[in-house]
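**Q** Below: one structure in structure tokens.
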Amino acid sequence: MHELSVCLSLLQQVDAIARERGAARVTRIELKVGPLSGVEADLLRNAYPLAAAGTVAEHAELQISEAPIKVRCNTCGAESEAQANRLLCGSCGDFRTTVVSGDEMILQSVELDTGPAAQPAD
Ligand SMILES: [Zn+2]
């Protein structure tokens, strides 16, 4: 399952951040997912608890927002937002465009609980 491996690599990043800051727990993860990234937000949400079980982010709230698709026109050079099924220049309507964003998944922010590590992490 693709989304599970996406979750696992995401959790590796989150875990590294938590360790770096000495956090006992991760309380919230904010993700931005581009429509062209091939990642389904709903599937990601479903896969998350499975992937996060037993990690510092087990009880973290996962927030996923959709990133806009932006294209740069190869003809007029304008940058504009576009639809996933219609990557046209918003300025001149040319179809010769290059996707500049919308095909990635970004770990936007991680909220950590850095309070006294009273509970043993098990
Ligand atoms: Zn154009």
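Values in this text are rule-based calculations from the coordinates and carry no lab data. As the structure is a prediction and not an experimental result, all values here were calculated from the model. Neighbour counts are summed over all protein chains in view; Cβ atoms, including those assigned to glycine, are modelled from backbone coordinates with ideal geometry.
**Q** So what is the 222 nm mean residue ellipticity for the chain from helices alone, if each DSSP H run of at least 4 adds -39500 (n - 2.57) and you divide by all residues, rounding to the nearest 500 deg cm²/dmol?
**A** -8500 deg cm²/dmol
**Q** Still on this model: What number results when the radius of gyration of the chain, computed over Cα atoms, is divided by 2.2 N^0.38 Å?
**A** 1.32
**Q** Pop the C-beta distance of Ser91 and Gln63 into the FRET formula with R0 = 41 Å and round what comes out to the nearest 0.05.
**A** After rounding, the FRET efficiency stands at 0.80.
**Q** Nearest 10 degrees is fine. How inclined is helix 2-21 to the longest principal axis of the chain, computing both from alpha carbons?
**A** The angle comes out at about 60 degrees.
**Q** Along the charge dipole of the chain, which of Gln63, Cys89, Ile17 sits closest to the positive end, that is, farthest toward it, with unit charges on the beta carbon of Lys, Arg, Asp and Glu (+1, +1, -1, -1)?
**A** Positive-end residue among those listed: Cys89.
**Q** A further question on this structure: How far, in degrees from 0 to 90, does helix 41-52 lean away from the longest principal axis of the Cα atoms of the chain, to the nearest 10?
**A** It works out to around 20 degrees.
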